[in-house]
Amino acid sequence: MLRKIGLGLLGLLALLVVVGAGLAGYRMLRQSQAAERLALRGSDAISEAGFVRIGGIDQWVSVRGEDRDNPVLVILHGGPGAAFQLIAYDAMRPWERDFTVVQWDQRGAGRTFGRNGPEGSGTMSIDRISADAVEVIQHALARTGQPKAVVLGVSWGSIVGVQVARRRPDLLHAYVGAGQVVDMVANESVGYEGLVARLTARGETKALETLKAIGPPPYADMAELLDERKVLMAHPPASERDLYRNAVTAALSAPNVGLGDIGDWLEAGEFSVSRLYPEMMAYTDRAAPAPIPVPVVIIQGDEDIQTPTVLAREYYDRLQAPSKTWVTLPGGGHSAVFAMPEAFHHALLKHVRPLATAAPRSAAPAL
């Protein structure tokens, strides 16, 4: 009997090894296919990725585009701590035809967090990360020989992007906001009412009961906020219904990415939110926003209730800038930059690229 049990266990172990090897082989195939899709081979192309000394620590920066003479687009990811490179490489690959796209794993995010860990991440604040962003822009301009860049701040990244545009307008052609954060207290209050309205309109009575049991903001701590976010993420706009499944697939298929990198990505999100939550929740630029001394383009999904479009529009109307452009993506939610990459790309081409290409090319600024 024991011999039969032992043989059975050996057979099960052998089966698990075979299945595991098959899954690993399939993942390697998907990674190889992704690498081929991402390949940049032209003589004018630029494709660099690695650690750069930014703000006193090593930070991961990628600079990619089919023509280094294209405008530089520096993307400030959301979260905090939710680096985009791991999950958005396919969505943003077409952008690299028209821009040199700079992806940066911020302090406390992605591979930057994996290299430095919690103890080596240093000061975690809006001010520190905004200063880091300026250094990343300077690095990108030095690598491309361009005089200025466009900054795209997405969600949390829009908080950082506004600071950068006010600090160093000399480095920028324009500031672009998506999922624009205006006032975190107001965002949560208006967003909660928007979620109630969405669930009511859809007849989602059970989810509505769960949401009302959580109650409206303000929330006492991050745990309560995350409870509300679970309801929100389970009931997205139609355009974002497959967003998280697609993100998982993208992460597992990302070239030159190990399972440890994915683990770092997940841990980084928890770390960054825990360190930045109090300052982030106190953020406001609503009542009397200081002017932004570069052209401003705001691109919002009309179904975004996480950073409510109604507040972003109110902010846009009040904001002073040399020029302003408002773009609505019909059917878009908070993550339209991923869920509707073609429409977002079109908006960048129509409203943003001309702001960079209209300026005469000159020597890059002193760094």
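I need the calculated FRET efficiency for the pair S43 and V248, taking r as the beta carbon distance and R₀ as 30 Å, to the nearest 0.05. Intermediate values should be presented prior to the final figure.
On the way: r = 36 Å, r/R0 = 1.21.
Efficiency at R0 = 30 Å is approximately 0.25.
Out of the total accessible area of segment 119-227 (probe 1.4 Å, heavy atoms of protein only), what percent is carbon and sulfur? Write out the running numbers ahead of the final one.
Details: 2080 of 3960 Å².
Carbon and sulfur together cover 53 percent of it.
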| message | Students often check this: by mean Cβ neighbours within 10 Å, which of 197-207, 251-261, 169-179, 143-153 ranks highest, and how do the rest follow? | response | 169-179, 143-153, 251-261, 197-207
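Tell me the net charge near T210. Cut-off is 11 Å between Cβ atoms, T210 excluded, with +1 for each Lys or Arg and -1 for each Asp or Glu. Display every interim value, and only then the final one.
On the way: positive: K206, K212, K230; negative: E204, E209, D227, E228.
Net charge in that neighbourhood comes out at -1.
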| message | Going by Cα centres, segment 135-176 and segment 29-103 are how many Å apart? | response | 15 Å
| Averaged per residue, what accessible surface does segment 53-147 expose to a 1.4 Å probe, in Å²? | 28 Å²
| request: Kindly state, to the nearest 0.05, the FRET efficiency for A220 paired with D69, given R0 = 51 Å and r defined as their beta-carbon distance. | output: 0.50
| task | Can you work out the PRE-style zone for R27? Point 7 Å along Cα to Cβ, and I want the residues of segment 82-108 with backbone N under 16 Å. | result | 86-87
| query | Where does the chain land at 222 nm, in deg cm²/dmol rounded to the nearest 500, when only DSSP H runs of n ≥ 4 count, each adding -39500 (n - 2.57), divided by all residues? | reply | -16500 deg cm²/dmol
| Say each of T123 and R241 gets a label point 7 Å from the Cα, pointing the same way as Cα to Cβ; how far apart are those two points in nm? | 4.7 nm
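Provide H345, H351 ordered by accessible surface of protein heavy atoms (probe 1.4 Å), highest first. Provide the component values of the computation, followed by the final result.
Details: H345 15, H351 55 Å².
These residues rank, largest area first, as H351, H345.
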| request: Using a cut-off of 11 Å between beta-carbons, work out the net charge of the residues near D44 (Lys and Arg +1, Asp and Glu -1, D44 not included). | output: -1
| Just by accessible area at a 1.4 angstrom probe, what is the order of S272, S32 from largest to smallest? | S32, S272
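Over all pairs of distinct alpha carbons, what does the Kirkwood formula give as the hydrodynamic radius of segment 25-173, in Å?
Details: mean 1/r = 0.0642 Å⁻¹.
Value: 15.6 Å, from the Cα pair sum.
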| note | Taking 0.36 nm per residue of separation between E267 and V185 and subtracting their Cα-Cα distance, the length gained on full extension comes to 26.9 nm
| note | Expressed in angstrom and ordered largest first, the alpha-carbon extents of segment 182-232 along the principal axes are 29, 22, 13
| request: Can you check what the Kirkwood hydrodynamic radius comes to for segment 178-280, Cα pairs only, in Å to one decimal? | output: 15.7 Å
| Could you give the alpha-carbon Rg of the chain over 2.2 N^0.38 Å, rounded to two decimals? | 1.05
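So what's the net charge close to P80: Lys and Arg +1, Asp and Glu -1, counting the other residues with Cβ under 13 Å from its Cβ?
Numbers: positive: R107, R128, R275; negative: D105, D132, E270, E279.
Spelling it out: positives minus negatives among the neighbours equals -1.
The values are calculated or read from the model by the stated rules, or taken from the named source; none is laboratory data. Small disclaimer: the values here were computed from a predicted structure and weren't measured. Backbone-built Cβ (ideal geometry, glycine too); neighbour counts: all protein chains shown. When the accessible area is computed, the model is the full protein with side chains, heavy atoms only, and any ligands, DNA or RNA have been set aside. Shrake-Rupley method; radii C 1.70, N 1.55, O 1.52, S 1.80 Å.
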